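Here the structure is laid out as structure tokens; the discussion comes afterwards.
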Amino acid sequence: MAVESRFVVIRHGVEAKTFMDKKSADEYDKMLDMADNLVDVFAQSPIELSDSTSEELSIYLAQHREEVLIALLAKKAPNKKPVKKVTAKAAKKEVGLESAKLSAAS
């Protein structure tokens with residue numbers, strides 16, 4: 001007989017989603033907590049949103065929290081590797097090295 005552990009996220013008395021590992025279940029639960037907080041923020045806003053729109057928007061923003069934090073300047077964007085500029089002198093040197101390798105291999 002096989003034994004499986006499952007982690008169930010329950011929201012407002014309803015089973016929301018089942019996971020095979022605790023970390024994923026905790027992350028999903030945290031995302032739903034953020035979405036609930038965002039719904040409260042939207043409710044206090046002077047902009048009228050339907051309940052379904054408010055819920056969809058809050059879930060979307062919670063799922064994309066990293067991008068939202070970067071957009072709000074609350075978090076730095078990840079550094080992209082700088083593109084190395086190749087000068088004409090360096091390009092000639094590389095071509096010379098490749099030619100030497102080819103000559104040595106022959």
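Each value in this text was obtained by applying a stated rule to the coordinates, not by laboratory testing. Here the structure is a predicted model, which is why all the values come from computation and not from measurement. With ideal geometry, Cβ positions are generated from the backbone for all residues, glycine too; neighbour counts draw on all protein chains shown.
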Shape category assigned to the stretch 7-78 from the gyration tensor of Cα positions, a/c cut at 1.5: oblate
Spin-label pair residue 18/residue 55, simplified geometry with 7 Å Cα→Cβ offset, distance in nm: 2.2
Amide H partners (placed H, <5 Å) of residue 11, local residues excluded: 16
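For a Förster distance of 35 Å, can you work out the FRET efficiency between the beta-carbons of residue 71 and residue 6, rounded to the nearest 0.05? If you can, show how the numbers build up before the last one.
Working: r = 36 Å, r/R0 = 1.02.
Computed FRET efficiency for residue 71 and residue 6 comes out at 0.45.
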